[in-house]
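Okay, structure first, notes after.
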Amino acid sequence: MEEKIFKALMMAATMIIVVSLFMIIVAVVKRGLPAMSWDMVSKIPGGGFYIGKEGGLLNAIIGSLYIVIGSITLGLSFSLPIVLYINLYLPEKSRLAQFTRLSFDVLFGIPSIVYGAFGFTLMVYLGLRSSLFAGILTVTFLIVPILIRSIDEVVRRVPKEMMDAALSLGATRSEIIKPILRQVAPGIITAIILSVGRGIGDAASVLFTAGYTDSIPTSLSQPVATLPLAIFFQLSSPIVEVQDRAYAAALILTFIVLVLSLAGRYYSRKFSKNKI
Amino acid sequence: MIPNLLRIEKHIDSPTEKFKVMKESQNQVAVDQIFKTKPHISVRNLNVYLTKNHILKNVSLDIPDKAITCIIGPSGCGKTTLLKTFNRLLQNSVDVKIEGEVLVDGVNIHGKDVEVENIRKKMGLLSQRPCPLPMSIFDNVAYGPRIHGTRNKRKLYEIVKNQLEAVGLWEEVKERLKAPAIRLSIGQQQRLCLARGLAVSPEIILGDEATSALDPIATTKIEQLFLSLKKEYSIVLVTHTLRQARRIADYVAFMYMGELIEFGSATEIFTNPKHQLTRDYIGGSFS
Ligand SMILES: Nc1ncnc2c1ncn2[C@@H]1O[C@H](COP(=O)(O)OP(=O)(O)OP(=O)(O)O)[C@@H](O)[C@H]1O
Ligand SMILES: [Mg+2]
């Protein structure tokens with residue numbers, strides 16, 4: 001009896017979540033799909049785009065991809081060394097390591113608008129205009145806590161025996177990084193998927209820093225459009241057609257996240273076959 | 001202690017002198033051991049504390065060169081800890097304090113200028129639980145040679161093949177060298193780890209129950225391998241099976257509660273143990 005009640009409760013919880021998520025997707029598809037067209041994903045906005053005329057969202061699609069690829073690359077090139085340092089080079093109960101973990105936990109919870117404001121301040125301080133570079137930088141700040149904390153969790157769970165095995169063969173501490181990375185590769189991919197999800201969908205962090213433009217930037221110092229801002233601006237338009245395009249943009253965004261997640265899972269599976 | 005050691009080194013050719021020197025030191029267990037050659041590993045008054053617990057208590061021991069030394073003793077007596085001290089693996093874990101000396105070829109491994117990688121390369125340690133690296137069977141064996149600079153593909157293949165043949169695994173895996181090592185059975189993993197250790201051509205092999213997961217036939221094969229390896233290597237094996245020690249040991253060290261109770265030639269320990277505890281253990285009164 002008890003067993004059955006718990007099972008029913010768990011089922012109910014699952015259903016509520018799945019159904020509401022499904023409804024969001026349905027709403028996005030229902031309004032977005034009619035507004036979708038080949039132009040939407042292949043053209044940049046034309047002159048009358050914002051009153052519902054010709055053009056597409058290519059500027060925002062490319063912009064978002066630029067930002068997310070740039071910030072993941074930049075983020076990883078900081079996060080990996082930090083995680084490896086606190087796990088391999090600091091003693092197990094090191095204060096510094098504990099402090100680092102705690103600070104990234106806190107940073108994790110800070111709303112993205114604060115990162116946006118911080119990025120903006122930094123930008124002004126450095127004398128930069130809103131640009132692709134400033135956007136990448138801000139989104140990097142936003143996702144580094146996610147990258148570090150989720151990679152840290154998997155690196156911490158690397159079996160000590162495995163490291164000992166490599167060390168016994170005469171490997172130096174930097175030489176055991178390779179087997180460790182192989183072991184945690186699936187975890188790194190999960191971390192990347194999570195960060196892509198947060199980074200690509202976030203409007204507040206790019207609002208002041210990346211700017212918005214109808215063209216595709218050709219250098220890091222030019223402003224760049226992003227999908228979340230495309231959604232934001234078009235949703236606030238009084239014209240229904242434009243609003244529908246916001247849903248189309250949301251659909252594209254969802255689709256990109258979906259594709260990246262699937263690719264991530266594919267590689268994650270591929271890499272985890274050697275995992276011990 | 002240190003002056004004594006120096007004298008041992010200096011008068012190595014003179015057994016009587018060595019005998020006298022050894023007599024002088026209280027903690028010398030192997031008093032009547034006069035080795036044909038210099039000991040490969042000399043442990044002097046070794047005390048190890050793990051998280052403030054006194055694990056190894058004043059252990060002094062000479063591991064002879066080119067022979068099989070078996071370390072026996074009940075579970076938890078510190079055998080693994082002793083082996084890990086030899087290649088300085090303990091330092092990686094929390095809160096270790098080590099006193100005393102471990103000399104390998106006369107060099108204190110805890111000395112200042114000692115490169116820990118060189119010590120580890122000299123010793124192949126096979127851990128109690130086999131632990132493959134997260135890579136293919138081939139890459140596991142090739143890992144050591146690769147980090148020590150062997151890049152040539154043909155040469156790597158040669159090494160991998162030879163070592164896998166030596167441990168009797170080649171026939172079983174030659175078709176799937178690219179398969180993940182984790183898919184091997186535990187017994188196969190144990191042999192893989194042995195092959196991996198041998199591939200860096202160590203001088204000393206430290207085996208922590210290297211045959212615990214093997215069936216009698218595979219065990220015999222590995223024992224044969226150890227017997228043939230002792231022509232070139234010094235071998236230290238921790239074993240729980242006294243029969244295995246009887247079969248292959250040249251020397252036996254009996255440990256109990258972190259202390260080295262008795263050390264001597266296998267014949268001596270098995271036929272005429274001096275210490276009551278050793279007699280009880282050999283006789284099977286406790287295990
Ligand atoms: N990190 C640690 N902190 C405190 N005590 C430890 C630690 N590691 C091991 N010990 C203790 O040290 C003692 C010796 O352990 P060790 O692993 O060397 O035993 P062993 O002789 O190899 O036993 P077995 O035959 O079961 O493998 C044990 O009592 C164990 O509980
Ligand atoms: Mg043990």
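The values are calculated or read from the model by the stated rules, or taken from the named source; none is laboratory data. Keep in mind the model is a prediction, meaning the values are calculated, not measured. Neighbour counts run over all protein chains shown; Cβ positions are idealised from the backbone, glycine included. Note: accessible area is taken over every heavy atom of the protein model, side chains too, but ligands, DNA and RNA are not part of it. Shrake-Rupley method; radii C 1.70, N 1.55, O 1.52, S 1.80 Å.
Suppose only helical runs count, i.e. DSSP H with n ≥ 4. What mean residue ellipticity at 222 nm does that imply for chain A under -39500 (n - 2.57) per run, divided by all residues and rounded to the nearest 500 deg cm²/dmol?
My calculation for chain A gives -24500 deg cm²/dmol from helical runs alone.
Using a Förster radius of 45 Å, what is the FRET efficiency between residue A:106 and residue B:151 based on their Cβ-Cβ separation? Nearest 0.05, please.
0.45
Binning at 5 Å from 0, report for region A:49-176 what percent of all alpha-carbon pair distances ends up in each bin.
2, 9, 14, 16, 15, 13, 10, 7, 5, 4, 2, 1, 1, 0
Would you mind telling me the share, in percent, of accessible area of region A:138-276 contributed by carbon and sulfur at probe 1.4 angstrom?
Here carbon and sulfur together make up 65 percent of the probe-accessible area.
Pick out, from B:149, B:61, B:43, the residue whose Cα sits farthest towards the positive end of the charge dipole of chain B, with +1 on the Cβ of Lys and Arg and -1 on the Cβ of Asp and Glu.
B:149
Would you list which aspartates and glutamates come within 13 Å of residue B:178, measuring only between C-alpha atoms, while excluding same-chain residues fewer than 8 positions from it?
B:139
Kindly give the semi-axes, whole Å and largest first, of the ellipsoid equivalent to region A:127-182, taking each as the square root of 5 times a Cα gyration tensor eigenvalue.
Over the Cα atoms of region A:127-182, the ellipsoid semi-axes are 36, 13, 6 Å.
Would you compute the Debye intensity of region A:143-276 from its alpha-carbon atoms alone, equal scatterers and no solvent, and pass along log10 I(q)/I(0) at q = 0.17 Å⁻¹ to two decimals?
-0.96
Within chain A, what is the number of lysine pairs with alpha carbons under 20 Å apart, leaving out pairs fewer than eight places apart on the same chain?
Summing the qualifying lysine pairs gives 8.
Find the percent of Cα-Cα distances in the protein assembly as shown that exceed 40 Å, and round it to a whole number.
Percent of Cα pairs beyond 40 Å in the protein assembly as shown: 45.
In chain B, which longest range has no trypsin sites (Lys or Arg not before Pro) that are both DSSP loop (not H, G, I, E or B) and surrounded by at most 13 other Cβ atoms within 10 Å?
B:53-111
Any chance you could check region A:259-276 for residues losing 20 Å² or more of accessible area when the partner protein chains are in, compared with the chain on its own (1.4 Å probe)?
Listed in order, they are A:273, A:274, A:276.
If A:1, A:162, A:36 are ordered by their accessible area, calculated over protein heavy atoms with a 1.4 Å probe, which sequence runs from highest to lowest?
A:1, A:36, A:162
If the elastic network links every pair of Cα atoms under 10 Å, which of A:220, A:76, A:21 fluctuates the most in the Gaussian network model of chain A?
Between A:220, A:76, A:21, it is A:21 that shows the largest mean-square fluctuation.
Mind giving me the FRET efficiency for residue A:239 and residue A:267? R0 is 56 Å, r the Cβ-Cβ distance, nearest 0.05 is fine.
Step by step, r from the Cβ atoms, then E = 0.85.
To two decimal places, what compactness ratio does chain A give when its Cα radius of gyration is scaled by 2.2 N^0.38 Å?
1.18
May I ask you to give the percent of accessible area on chain B that is carbon plus sulfur, with a probe radius of 1.4 Å?
Roughly 50 percent of what the probe reaches on chain B is carbon or sulfur.
Rounded to the nearest 100 Å², what is the sum over both chains of accessible area buried where B meets A, with a probe of 1.4 Å?
What B and A bury together is about 2300 Å².
If you count only protein heavy atoms with a 1.4 Å probe, what accessible area per residue comes out for the protein assembly as shown, rounded to a whole Å²?
Result: 49 Å² per residue.
Of A:60, A:230, A:165, which has the largest mean-square fluctuation in a 10 Å C-alpha GNM of chain A?
Of the options given, A:165 has the highest mean-square fluctuation.
Taking springs between alpha-carbon atoms closer than 10 angstrom, which of B:269, B:182, B:71 fluctuates most in the Gaussian network model of chain B?
In the Gaussian network model the winner is B:182.
Residues of region B:72-121 that become at least 30 Å² less accessible with every protein chain present than in their own chain isolated, using 1.4 Å: which are they?
Flagged in region B:72-121: B:89, B:92, B:94, B:117, B:120.
Regarding region B:35-283, what are the three Cα extents along the principal axes, ordered largest first, in Å?
52, 42, 36
Which parts of region A:91-108, residue by residue, lose 40 Å² or more of accessible area when the rest of the protein chains are there, as against the chain isolated (1.4 Å probe)?
At a threshold of 40 Å² (probe 1.4 Å), the residues of region A:91-108 that become less exposed are A:92.
Taking the Cα centre of region A:1-100 as the origin and placing charges on Cβ (Lys, Arg +1; Asp, Glu -1), which of A:34, A:50, A:76 is farthest toward the positive end of the dipole?
Final value for the positive-end residue is A:50.
Could you check the spin-label model distance between residue B:217 and residue B:45? Points 7 Å from the Cα along Cα→Cβ, value in nm.
My value for the distance between the label points is 5.3 nm.
Is any helix in chain A, taking whole DSSP H runs, at least 24 angstrom long along its axis by alpha carbon and on average at least 1.6 on the Kyte-Doolittle scale, and which ones?
Length and hydropathy pass: A:58-84, A:132-156.
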